[in-house]
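These notes are about the structure you will find just below.
Quick note: the coordinates plus some simple rules give every number you see, no bench work behind them. What you are looking at is a predicted structure, and each value in this text was computed from that prediction instead of being measured. Quick reminder, even Gly has a Cβ in these numbers, built from the backbone with ideal geometry, and neighbours come from all protein chains shown.
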Amino acid sequence: MKKLHLPVFFSLISTALLAQTASPITGDQPLGFEEYDPISTLKVAEHKLGRSKFPFIDVHNHQFGMPKQDLKKLLADMDALNMAVMINLSGRGGDSDENTARLGESFANISKNAPRRVAIFTNVAFDGVGAPGWTEKALKLLEEDIKRGAKGLKVYKNLGFNVKDSEGKLVPVDDPRLDPIWKKCGELGVPVLIHTADPRPFWDPLDRYNERWLELKLNPRRKRGSQQEFTWEQLIEQQHHLFRKNPKTKFIAAHMGWYPHNLSKLDSLLTAMPNMNVEIGAVIAELGRQPRTGKKFFEKYQDRILFGKDSWVPSEYATYFRVLETEDEYFPYHKKYHAFWRMYGLGLSDAVLKKVYYKNALRLIPGLDKTQFPE
């Protein structure tokens, strides 16, 4: 009988075992890797929260149908979560007469149905910067929107990705031609909530070492790389340069500036740039896997962290409340593909929670109704 080398032997055994995955007793079929979702056998205390402990302001939300939206339904969903104020970052959407009219309709809807509960940030269409009169027109629209009721400016991630100037060239985040916009926000006393780049792993090779591999496999359009003119590091540095050269303007870096996985680095950035604040939208999974480090960070920067969620899925807020408020251990994230690891609660104190939930937003965003919040 011919002898088999050990590697070949084990390969044959593995193949045979895989072939027998289907159970002759239960009839179960072999699972694909993306279906693996085990139920934990760990028995520990659980505190599943459907409402926040204190009323909160969500500074990062998107309601694209605001002009015609049924705000009574929205308010009912907000009440169930204990959300006192929602900031809709999708205000203008462009500089056309149609978008100006839509923004006016949104203000009218809010004034009639939710004057204390919903607020809007406006947007600037950066395409075409460099054209004659572009700066004057953009500043005029921005100032008019703020006078009409907008509470701040939201900058989308397309700035740096695909915004082109009047000559068809890519516009970097820190383009000096945009400086009058940031200066005007500082003069008006309104914050700039800016989203730059995407999570760092989106630029990494799509291989077995990338911990966002499953997410990128299921959502290939999120993958970044050679098609971009700027690397992740360059985009983030552009944002930081923007902050540094506009010290009198208040900035809120969306998604914790894409450094929730490296709080030591974020610590150094907040130290170096006093006008930089952060919000936690879409990064609660990063915080939930480092409860001790995360809690220390929140305690140190309790005056500069704001609550944000990003996507409007009411059931997902429970994960945020549980991570921030409890000391629960090893509980699941609400999206399997986004984080395959389990969450742990930070157990923040009431004093810190109040600042994250509403006090910091009330200080940074002018014109919000403070009477609906405790001291």
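Sites listed here are GluC sites (Glu not before Pro) in the range 108-154 whose DSSP assignment is loop and whose Cβ has at most 11 other Cβ atoms within 10 Å, and the list is empty. For the range 23-111, the spread of Cα positions along the three principal axes, ordered from largest to smallest, is 66, 33, 20 Å.
A prolate overall shape is assigned to the range 86-161, the ratio a/c of its alpha-carbon gyration tensor axes (a ≥ b ≥ c) being 1.5 or greater and a/b exceeding b/c.
For the pair the range 241-283 and the range 138-169, the centres of their Cα atoms are 20 angstrom apart. Semi-axes of the equivalent ellipsoid of the range 173-259 are 31, 13, 10 Å, computed as sqrt(5λ) over the eigenvalues of the C-alpha gyration tensor in descending order. Here the range 19-157 is assigned +1 on the Cβ of each Lys and Arg and -1 on the Cβ of each Asp and Glu. Its dipole about the Cα centre then comes out at about 760 debye. Put simply, the amide H of VAL155, placed in the peptide plane, has neighbours under 5 Å in LEU193, ILE194, HIS195, leaving out anything fewer than 5 places away on its chain.
For the range 221-343, rounded, prolate or oblate, judged on the Cα gyration tensor with a ≥ b ≥ c (square roots of eigenvalues), a/c < 1.5 rounded, else prolate if a/b > b/c?
Verdict is oblate for the range 221-343.
Cα-Cα over 24 Å: which of LYS53/LYS370; LYS309/LYS359; LYS112/LYS354; LYS73/LYS250; LYS309/LYS355; LYS157/LYS354? Over 24 Å apart, Cα to Cα: LYS112/LYS354; LYS73/LYS250; LYS157/LYS354.
With θ taken as phi - 60° and the Karplus curve 6.51 cos²θ - 1.76 cosθ + 1.60 applied, the whole-hertz 3J(HN,Hα) list for the range 123-130 is 9, 10, 8, 7, 4, x, 4, x Hz, x standing for glycine and proline.
For the chain, what does -39500 (n - 2.57) per DSSP helix run (n ≥ 4), summed and divided by total residues, give at 222 nm, in deg cm²/dmol to the nearest 500? Before the final figure, lay out the partial values.
Values: 14 runs with 133 residues, N = 375.
Result for the chain, helices only: -10000 deg cm²/dmol.
Note on the chain: GNM, Cα springs under 10 Å; of PRO220, PRO201, PRO30, the largest mean-square fluctuation is that of PRO30. Computed with the Debye formula from one identical point scatterer per Cα of the range 281-359, without solvent, the log10 of I(q)/I(0) at q = 0.12, 0.13, 0.24 Å⁻¹ comes to -0.29, -0.35, -1.20. Between LYS73, LYS183, LYS151, the residue with the greatest mean-square fluctuation in the GNM of the chain (Cα pairs under 10 Å linked by springs) is LYS73.
Close amide H partners of ASN277, meaning residues 5 or more places away or on another chain with modelled amide H under 5 Å apart, are PHE251, ILE252, ALA253.
Considering only LEU346, LEU74, LEU193, the mean-square fluctuation computed in a Gaussian network model of the chain, springs between alpha carbons under 10 angstrom, is largest for LEU74. The spacing between the range 301-318 and the range 45-72, judged by their C-alpha centroids, is 9 Å.
DSSP beta bridges confined to the range 53-196 are antiparallel in about 10 percent of cases.
Checking the a/c ratio against 1.5 first, then a/b against b/c, what shape does the Cα gyration tensor give for the chain? Verdict is prolate for the chain.
Where the convex hull is taken over the Cα atoms of the range 127-271, what is its projected area averaged over directions, in nm²? Its average projected convex-hull area is 9.8 nm².
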